[in-house]
Amino acid sequence: MLLHHAQLRLLTTLLSALNKSNGLKCLGHVFFTPGQGQTIITATDLDLHIYWPVPLLGARHSNAAPASGKPPSTTANNSQPLQTPTSCPIPWFLKIANSVKPGGHLELRHDHHHLCAYPSTGPSARSPESAISFKECPEFTTQHFTHGGWLSHPTLEKAVSAIPFISTDKTRHVLQGIHITQDGHLVATDGRKLAHAPTPGTQLPRDIILPTRMIRAFETLSNGTVDGTDTTYGPEHLRMQCWLNHPDRCAPELLALHSGCYLKGRLIDGNFPNWRMVLPTTFSTLIDIAPEFLAILKVTLPRSPDKKTTQVTFDLQPNGTVLAAIHCTTGSQRTDLIDPCEAGRHTISPDQPLFKSCWNAPFLLACLQFSGLRLRTTNDISPFLSGDPTAAQTVLMPMRAN
């Protein structure tokens, strides 16, 4: 069996999303089962399940041919399909697959009780563990998925960029994922900052909360080029079909299908907070951040000895400029990483006094990268709203300047 780089790229992303801490051996293996004109690849950690019938290269359909119209390579045609069901440890497979460079491929063969891998470049390798029976793997089923919809690639791509806004606090389980609503909104928050964006092309029968570790897997599947080529798909491939299980089921689940690959994941069960109440509606001050300052912040922040305590101050000047400084606070010591520089321009209502605001630097950087460089606020203690409701928005609370 032969897998091209594009197929490996998708498969490694899906397998990387699986929970590696499960004690059962069958949950730590990826299975390859020969079928009629295809090999079925399966893996699961019980919360996330992969089921991918990969057509053999000799059995490709005409609509899966490369855009150039050229036939598969001689090496690909000479690859022999697997004759025996086999499996291997997921970490070992990821290590081998990630070593394959663009344009390359990986050939898999079954040797007695072990799976052997032959990358197009580099040495071959043999699985450190013998294959286990496919019967030990939990069955993949699509029962009870009765409510269909669509998940667009732009929506999931925006979800990936909103990952820095998702809570990592295990006690706030409902915030540990992306909230995608039935009426066209995407929201992520950790209680300190919030990201919001519309979801064009996405149609869901009800609201869902997609866990953090599954976001990249679903996003990669929605944009997967799994036929061995890196062609540019048309508009009809910008979204993938999905189904939700019946709401009376014990746990909500999402089933997605794209390019013949199925991905089933368990969603977060709970009620997401009322995020609409957090969005500010009145402002008196407009601050436009210069792109040069964003570049300075992106370079300076990684050099900080303590990124979590690094702060940015904005000092509004009477002439309409904004002076900014980046500080690192460790204990009682305070170090200026750069001298104050002009960070942008501001517009403020005549009846509003000038002020100086202070922001957590990593949070500010995440907001500027997600929603843009235009900030709306009122004073040094009010939240700021960044961005455009038709594209992306963020909300961030300032820190005390002292």
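The values are calculated or read from the model by the stated rules, or taken from the named source; none is laboratory data. Not measured: the values here are computed from a predicted model. Here the Cβ positions follow ideal geometry from the backbone for every residue, glycine too, while neighbour counts run over all protein chains shown.
Numbers below:
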{"read-out": "Test set (1) surrounded by 14 or more Cβ atoms within 10 Å (Cβ to Cβ); (2) outside the structural domain of Trp243 (by TED's automatic domain parsing); (3) assigned to a loop (DSSP other than H, G, I, E, B) - Tyr118 fails condition number", "value": "(3)"}
{"read-out": "Close pairs (6 angstrom Cβ cut-off, 6 or more residues apart or separate chains): polar (S, T, N, Q) in segment 170-189, assigned to a loop (DSSP other than H, G, I, E, B) and surrounded by fewer than 21 Cβ atoms within 10 Å (Cβ to Cβ) anywhere", "value": "Gln176/Ser167; Thr181/Asp207; Gln182/Arg206; Gln182/Asp207"}
{"read-out": "Residue check, Ser161 hydroxyl-bearing (Ser, Thr, Tyr) and crowded, with 16+ Cβ neighbours inside 10 Å", "value": "yes"}
{"read-out": "Near pairs, Cβ below 6 angstrom, 6+ apart or cross-chain, from segment 201-213 (in the same structural domain as Leu267 (by TED's automatic domain parsing)) to any residue that is charged (D, E, K, R)", "value": "Gly201/Arg239"}
{"read-out": "The lone exception for Phe134 - which of (1) under 25 Å from Asn19 (Cβ atoms); (2) hydrophobic (A, V, I, L, M, F, W, C); (3) at pLDDT 85 or above it fails", "value": "(3)"}
{"read-out": "Residue list for segment 186-210, filter: under 17 Å from the mean Cα position of the chain (by Cα), outside any loop (DSSP other than H, G, I, E, B) and surrounded by fewer than 21 Cβ atoms within 10 Å (Cβ to Cβ)", "value": "Pro198"}
